[in-house]
1. Could you list, in sequence order, the residues of region 71-86 that are at pLDDT below 85 and exposed (fewer than 13 other Cβ atoms within 10 Å of the Cβ)?
2. Got a number for residues in region 18-48 being more than 27 Å from G70 (Cα to Cα) and either modelled with pLDDT of 85 or more or surrounded by 13 or more Cβ atoms within 10 Å (Cβ to Cβ) (or both)?
Amino acid sequence: MDLVSRARSRTWRKLLSEMYGYDGFGNLTSKSGSGGSLNSAPSMSVSYNANNQQTSGVGYDANGNTNSAGGYSYGYTVVGESLYFKNAGVERSVRGDRPAGKCATICRGGTAT
């Protein structure tokens, strides 16, 4: 652990070893490891822009809202409130006629369920 309780490395049963890297904002920037072919630890690397936004596989609109990530697309109102997220043609929408935080599934026909 480092000074702010982030894991810097871990070892599992002496078979798997992982190391973690962070930037000055505390964002996870890298993970590497070893452990042989059966227990290999996947590596990853992530970068961030000057606005502290992840740039690897994530897109943003002009207001800094995430508009694409992990195969999903996201939409917002003009004041930045979450409006919908969509994947594979199915849109899940947060609408004003639903209780706060509840989602309705909007299918291609436009029928709310």
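The values are calculated or read from the model by the stated rules, or taken from the named source; none is laboratory data. Just so it is clear, the model here is predicted, and its values are computed rather than measured. As a convention, Cβ positions derive from the backbone with ideal geometry for all residues, glycine included, and neighbour counts pool all protein chains shown.
1. Of everything in region 71-86, those that are at pLDDT below 85 and exposed (fewer than 13 other Cβ atoms within 10 Å of the Cβ) turn out to be T77, V78, V79, G80, E81.
2. Total satisfying the criteria: 1.
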